[in-house]
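The values are calculated or read from the model by the stated rules, or taken from the named source; none is laboratory data. Computed from a predicted structure; not experimentally measured. Cβ coordinates were reconstructed from backbone atoms using ideal geometry, including for glycine residues, and neighbour counts include every protein chain displayed.
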Amino acid sequence: MLTSHVPLAGIRVVEVATHVFAPMAGAILAEWGADVLKVEPPGTGDPYRGLVTTGLHPLQAGVDPYVQSANRGKRSLGIDLGHPEGRDLLGRLVRTADVFVTSLRPGGRARLRIDVEDVRADNPAVVYVRASAFGPRGPEAARGGYDAGAYWARSGMQHVLTPAGAAWPRPAPPAFGDLAGALALAGAVCAALVHRAAGGEPPVIDGSLLAAGLWQIQPDIVSAAPGGASPQAPAGRYEASNPLMLTYRTADGRFVALTMLASDRHWAAFCRAIGEPERADDPRFADAAARRRHARACVEWLDAVFAARDLDHWREALAGFPGEWAPVQVPRELHDDPQVRANGYIAEVDVGGDVPLPMVTVPVQFDEQPSRPARAPEHGEHTESVLEELGLSWDEIGALKDRGAIL
């Protein structure tokens, strides 16, 4: 029986993809209830699995947390798509599927016969998803790339997020663009399935890391266009147009981020909350215009106020304040954040060891139900069981193993 918090129950996805961008889209679909079949080469599997051996991925709870996150809830089949019988098996899988997802480049898709026309020959009704670095057209359509280049550097994001005067551009956080781009791909799949259910032709979906990067910093890109507003250099702290939109250091070296766009609305209550009620009537700071004219004095005063107490004090002092603010937290604190816990934004996943692996859940919920991620599969773990579901006998499966078509 379908339940609203797993709205894709009954949908099957076949994934031929590596690393994070497209696989994370498959992981999102799996967390929403889809049966995602990850097809991996028998010898090596998804090369992303191997990065733990090079030191790029740490082990946690005995597993690679990055691989777990990008492949949560899937089933893995080891199939050699370069083997004629392996490709035939893929065709049989595709005939049972609603969605086909790949991140292979055009040459790889052609070599393995998994391009649009090939997959549609197996199943004309399948929604076909291509994830790429730079998009499906243009001089670099066939180039590969990772998010640190296509999403972070090429889009302009690295420049925009590097502090002025820095000697080197700021490096990208791990999988930063992959995660954002995967959400867009997963959303597009859902839109395509609705379109198909309404009688429309199943579309071909294209998503790229470059496009996701442009989307993320579109205000900067639009304002930099010819005829657009001239980009302004970021104002210094003491020239801020709104001192209640700055971050302040606390006595213990932590930070509080004030994010009050409607600063006049909250000014008097803010002054009371920080223990300075008399400042509400200071003519230099009485309204937004005055605080802008006297920005240096206002910021220097707030710097001194926040520096006098530690972060725990400010958490308590501002807890009942209706204006917008947030502590600047470190990742470890999110595990114990009461708001995160109340909403189920981090789940404990049984990965087969003594210690569960914490995993961030997909950032949307259906009917107020947190999603329930499951562990990622071992390489080829479900090859035999899925082939049995297709109707193959044990003798047939054994013969395919002997001939090298499957793991």
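Being under 19 Å from Ser103 (Cβ atoms), touching a residue at least 60 places away in the same chain (Cβ under 8 Å) and not in a loop (DSSP other than H, G, I, E, B) is the filter here; which residues of region 40-62 pass it?
If the condition is that a residue be under 19 Å from Ser103 (Cβ atoms), touching a residue at least 60 places away in the same chain (Cβ under 8 Å) and not in a loop (DSSP other than H, G, I, E, B), then Glu40, Arg49 are the ones that fit.
Checking the conditions here, which among Thr361, Thr383 is surrounded by 13 or more Cβ atoms within 10 Å (Cβ to Cβ), in the same structural domain as Gln68 (by TED's automatic domain parsing), polar (S, T, N, Q) and more than 27 Å from Leu183 (Cβ to Cβ)? Steps first, answer last, please.
Working: Thr361 fails: more than 27 Å from Leu183 (Cβ to Cβ).
Selected residue: Thr383, the only one of Thr361, Thr383 that is surrounded by 13 or more Cβ atoms within 10 Å (Cβ to Cβ), in the same structural domain as Gln68 (by TED's automatic domain parsing), polar (S, T, N, Q) and more than 27 Å from Leu183 (Cβ to Cβ).
Quick check on this structure: which one of Gly156, Gly107, Gly138 is out of contact with any Pro (no Cβ under 9 Å at 6 or more places or on another chain), surrounded by 14 or more Cβ atoms within 10 Å (Cβ to Cβ) and more than 25 Å from Leu8 (Cβ to Cβ)?
On the way: Gly107 fails: surrounded by 14 or more Cβ atoms within 10 Å (Cβ to Cβ); Gly138 fails: surrounded by 14 or more Cβ atoms within 10 Å (Cβ to Cβ).
Only one candidate passes the filter, namely Gly156.
Is there any pair with a first residue in region 243-254 that is free of Cβ contacts under 8 Å to residues at least 60 places away in the same chain and closer than 26 Å to Asp287 by Cβ and a second that is buried (at least 18 other Cβ atoms within 10 Å of the Cβ) and among the polar types (S, T, N, Q) whose Cβ atoms are under 9 Å apart and which are 6 or more apart or on different chains, and what are they?
Every condition considered, the pairs that remain are Pro243/Ser263; Met245/Ser263.
Report yes if some residue within region 68-85 is more than 30 Å from Leu193 (Cα to Cα), under 21 Å from the mean Cα position of the chain (by Cα) and among the polar types (S, T, N, Q); otherwise report no.
No, there is no match, as no residue in region 68-85 is more than 30 Å from Leu193 (Cα to Cα), under 21 Å from the mean Cα position of the chain (by Cα) and among the polar types (S, T, N, Q).
Going by the structure shown, is Arg372 within 29 Å of Ala9 (Cβ to Cβ) and in contact (Cβ under 8 Å) with a residue 12 or more places away in the chain?
Taking the combined requirement at face value, the residue satisfies it.
Looking at this structure, is Glu117 exposed (fewer than 15 other Cβ atoms within 10 Å of the Cβ) and of a type in the set (D, E, K, R)? Let's see the steps before the verdict.
Values: exposed (fewer than 15 other Cβ atoms within 10 Å of the Cβ): yes; of a type in the set (D, E, K, R): yes.
In short, yes.
If the requirement is being assigned to a loop (DSSP other than H, G, I, E, B), among the acidic types (Asp, Glu) and within 18 Å of Arg254 (Cβ to Cβ), which of these qualifies: Asp336, Asp354? Walk me through it before giving the result.
Details: Asp354 fails: within 18 Å of Arg254 (Cβ to Cβ).
Only one candidate qualifies: Asp336.
Restricting attention to region 194-215, does a residue exist that is closer than 30 Å to Ala297 by Cα, of a type in the set (D, E, K, R) and in contact (Cβ under 8 Å) with a residue 24 or more places away in the chain? Show your work before the answer.
Step one: of region 194-215, the residues closer than 30 Å to Ala297 by Cα are none.
No, that holds for no residue.
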